[in-house]
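To keep things clear, I will list the structure first and then write my remarks on it.
The values are calculated or read from the model by the stated rules, or taken from the named source; none is laboratory data. Quick caveat, the model's predicted, so the values are computed rather than measured. Please note: Cβ atoms are built from the backbone with ideal geometry, for glycine as well, and neighbour counts cover all protein chains shown. Remember, those area values only see protein heavy atoms, side chains included, never the ligands or the DNA or RNA. Shrake-Rupley method; radii C 1.70, N 1.55, O 1.52, S 1.80 Å.
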Amino acid sequence: MIVHIRRALPALAAIAILVPPLAAQHNVPSTYAITNATLHTVSGPAIPKGTIVIRDGLIAALGANIAVPADAQVIDGTGLTVYPGLFDSYGSIALPSTGAAGAGGRGAGAPAPAAPVTPVRGGGGTTFNDPRGVDPELRAADLVRVDDDALDGPRSAGITTALTAPSAGVFPGQSALINLGGATPAAMVIKPAVAQHISFGSGGRGGGGGGGYPGSLMGVFAVIRQELLDAQRYRDLKVAYEKNPRGMQRPQFDAALESLIPALAKQQPVIIVANSRREIDRAIDLSKEFGFRLIVAGGSEAYLVADRLKAENVPVLLSINFPRRTAAPTPDAEPEPTRLLRERVEMPKGPGRLSAAGVKFALQSGGITTWADFSANVKRAVDAGLAPDQAIRALTLLPAEIFGVSDRLGSLEAGKIANLTITRGETVNQIFVDGRPITLRPATPAQGAGGAGRQGGAGTTPPPAATASNRETPR
């Protein structure tokens, strides 16, 4: 791998952004050529003093001896390193706040008010009381908002792409993969229905403390299993009716159960927030019982079950929201819990241990307080044993593979979407999203990550957006 890789990782932590001269242009071209830069392709060897050509939002060509098109805006890349755009592999970026979440720690607002119970649910006219927070039909793609203030934080850390998911409930809905650029929500969405989501958090829509059913872990598991069993029955009734409808009552359409059928058919994965060893084992057991493809999110103790994750081919969206000391110790301060001391030492070692065990994983922000922590914590993982090239893969190509978009994202290759993260020394110098340069601004403390990593973590969900255009180079 390239010699600049170790320098580039801490560069992702810096947010003293150097706004490039492109920001002053009034007519933005659709073709760019970055010359004399180190191109870190991820899928192949690095290209020193290479040229990458972007045309109409795609990578048109790259290599050591690439001709610069006559119509290209030329950027001298001397001293720059170009990476594929970085992923944040789980959070609530670009979604409106929906109240405090459950165990995932993604919500930031007050608990949502109690919603009335839906009295009729299920195929074939069956009825049961539908608990709050069972919304598998909800799609993040329909909730995405354009809000540059909320996007400034992740973009300042070099992030161009994010998996974003509804934040509350046992079945909160379906995640979307989005680009962090575009004039409209539709322009941001890359893949509208990536995965179904399940949370082991209790308390219904408002998470713990919301006061709703299910109010215990036993109740949560009862809801999860009942919903999946109902989805199986609904599927079977539909199959039987479509095969021979004569003389059979038509199954009643149920949007929630309908949306779970792709997961039961292994056409769509299920992401379960699970951090402790016991939670991860329960998630794997559940996936084996109902036959869905599992992705674990959070994974604080995933290294303790690495052998099983590897054997079951379960990828992990690993949180890098590592615990840290929040204040200097004082003589009268209470000693920190042993659990917290252990997590502070062991969690940064988790990525390296998963990599050594051959477990596929991507890195996610996990509800970090500020985006400066994102890349600082990546560096902590590298210092704790994660190989630098594996850190870059876990931020680029591996999430693209896990989310099924490696044919268009995750590496520098001709024909792929031109999402680029560009560094100079210790600074994230520029990003391109869909082939357009984005003017970077440092994030304020309120523009933290909307992650879904550690149980009980406090993330910040971006607020609902006013209509605004992205801070791309003006046309």
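Tabulated data for the structure shown
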{"read-out": "Qualifying residue in segment 184-200 (condition: more than 15 Å from Ile295 (Cβ to Cβ) and modelled with pLDDT under 95)", "value": "no"}
{"read-out": "Hits in segment 142-151 (condition: surrounded by 21 or more Cβ atoms within 10 Å (Cβ to Cβ) and part of a helix (DSSP H, G or I))", "value": "Ala150, Leu151"}
{"read-out": "Any hit, segment 254-274, residues being within 30 Å of Glu343 (Cβ to Cβ), assigned to a helix (DSSP H, G or I), open to solvent by less than 60 Å² (accessible area, probe 1.4 Å) and not aliphatic (A, V, I, L, M)", "value": "no"}
{"read-out": "Residue in segment 216-225 that is out of contact with any helix residue (DSSP H, G or I) (no Cβ under 6 Å at 6 or more places or on another chain) and at pLDDT 95 or above present", "value": "yes"}
{"read-out": "Residue tally, condition among the basic types (Lys, Arg) and either free of Cβ contacts under 8 Å to residues at least 40 places away in the same chain or within 26 Å of Ser167 (Cα to Cα) (or both), over segment 343-393", "value": "2"}
{"read-out": "Arg475 being open to solvent by 20 Å² or more (accessible area, probe 1.4 Å) and modelled with pLDDT of 70 or more", "value": "no"}
{"read-out": "Residue in segment 423-432 that is in a helix (DSSP H, G or I), of a type in the set (Asp, Glu) and over 12 Å from Thr161 (Cα atoms) present", "value": "no"}
{"read-out": "Residue in segment 385-401 that is in contact with a Leu (Cβ under 9 Å, 6 or more places away or on another chain) and either in a strand (DSSP E or B) or modelled with pLDDT under 95 (or both) present", "value": "no"}
{"read-out": "Residue, nearest to Ala195 (Cα to Cα), within segment 241-261, restricted to residues that are at pLDDT 95 or above and aliphatic (A, V, I, L, M)", "value": "Leu260"}
{"read-out": "Hits in segment 372-384 (condition: part of a helix (DSSP H, G or I), in contact with a helix residue (DSSP H, G or I) (Cβ under 6 Å, 6 or more places away or on another chain), open to solvent by 10 Å² or more (accessible area, probe 1.4 Å) and not β-branched (Val, Ile, Thr))", "value": "Lys379, Arg380"}
{"read-out": "Thr81, sole failed condition from (1) buried (at least 17 other Cβ atoms within 10 Å of the Cβ); (2) at pLDDT 50 or above; (3) assigned to a loop (DSSP other than H, G, I, E, B)", "value": "(3)"}
{"read-out": "Residue match in segment 286-294 (condition: crowded, with 22+ Cβ neighbours inside 10 Å and under 24 Å from Arg380 (Cα atoms))", "value": "no"}
{"read-out": "Single residue of segment 311-343 satisfying the filter (part of a loop (DSSP other than H, G, I, E, B) and modelled with pLDDT of 80 or more) that is surrounded by the fewest Cβ atoms within 10 Å (Cβ to Cβ)", "value": "Asn313"}
{"read-out": "For Pro96: the one exception among (1) part of a loop (DSSP other than H, G, I, E, B); (2) open to solvent by 60 Å² or more (accessible area, probe 1.4 Å)", "value": "(2)"}
{"read-out": "Search result, residues across segment 350-367 that are touching a Phe, Trp or Tyr at 6+ places or on another chain (Cβ under 6 Å) and assigned to a loop (DSSP other than H, G, I, E, B)", "value": "Ser365"}
{"read-out": "Residue in segment 33-56 that is within 25 Å of Ala187 (Cβ to Cβ) and surrounded by fewer than 16 Cβ atoms within 10 Å (Cβ to Cβ) present", "value": "yes"}
{"read-out": "Count - residues of segment 170-186 that are closer than 30 Å to Ala222 by Cβ and open to solvent by 10 Å² or more (accessible area, probe 1.4 Å)", "value": "1"}
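Matching residues to (1) within 26 Å of Thr38 (Cα to Cα); (2) basic (Lys, Arg); (3) in contact with a helix residue (DSSP H, G or I) (Cβ under 7 Å, 6 or more places away or on another chain); (4) crowded, with 23+ Cβ neighbours inside 10 Å:
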position: Val345; (1), (2), (3), (4): no, no, no, no
position: Arg353; (1), (2), (3), (4): no, yes, yes, no
position: Gly367; (1), (2), (3), (4): no, no, no, yes
position: Thr370; (1), (2), (3), (4): no, no, no, no
position: Arg393; (1), (2), (3), (4): yes, yes, no, yes
position: Ala414; (1), (2), (3), (4): yes, no, no, no
position: Leu420; (1), (2), (3), (4): yes, no, no, yes
position: Thr423; (1), (2), (3), (4): yes, no, yes, yes
